[in-house]
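Pasting a structure below so you can have a look.
The values are calculated or read from the model by the stated rules, or taken from the named source; none is laboratory data. Here the structure is a predicted model, which is why all the values come from computation and not from measurement. Neighbour counts run over all protein chains shown; Cβ positions are idealised from the backbone, glycine included. We work out accessible area using only protein heavy atoms, side chains counted, and drop any ligands, DNA or RNA first. Shrake-Rupley method; radii C 1.70, N 1.55, O 1.52, S 1.80 Å.
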Amino acid sequence: MKKKWIHEGLITESLPNGMFRVNEGLILGYISGKIGRSFIRILPGNRVKI
């Protein structure tokens, strides 16, 4: 069984193609699943779990 890592952080920068930087650029995330299909906006200052 693989262990899953969950990290919570603050979005610092929005990038093209649904990507964003979390916590001063330490983590690069992307939108997937229902969030991408529902056109939910991910803006700087939002809190996310990765």
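Among (1) touching a residue at least 40 places away in the same chain (Cβ under 8 Å); (2) open to solvent by 100 Å² or more (accessible area, probe 1.4 Å), there is one condition residue 7 misses while meeting the rest; what is its number?
(2)
Restricting the stretch 41-50 to residues that are β-branched (Val, Ile, Thr) and assigned to a loop (DSSP other than H, G, I, E, B), which is surrounded by the most Cβ atoms within 10 Å (Cβ to Cβ)?
My answer is 42.
For the stretch 7-16, how many residues meet the condition of being modelled with pLDDT of 85 or more and not in a strand (DSSP E or B)?
Looking only at that region, the number is 1.
Tell me, please, whether a residue that is hydrophobic (A, V, I, L, M, F, W, C), open to solvent by less than 80 Å² (accessible area, probe 1.4 Å), part of a loop (DSSP other than H, G, I, E, B) and free of Cβ contacts under 8 Å to residues at least 40 places away in the same chain can be found in the stretch 17-40.
Yes: one or more hits.
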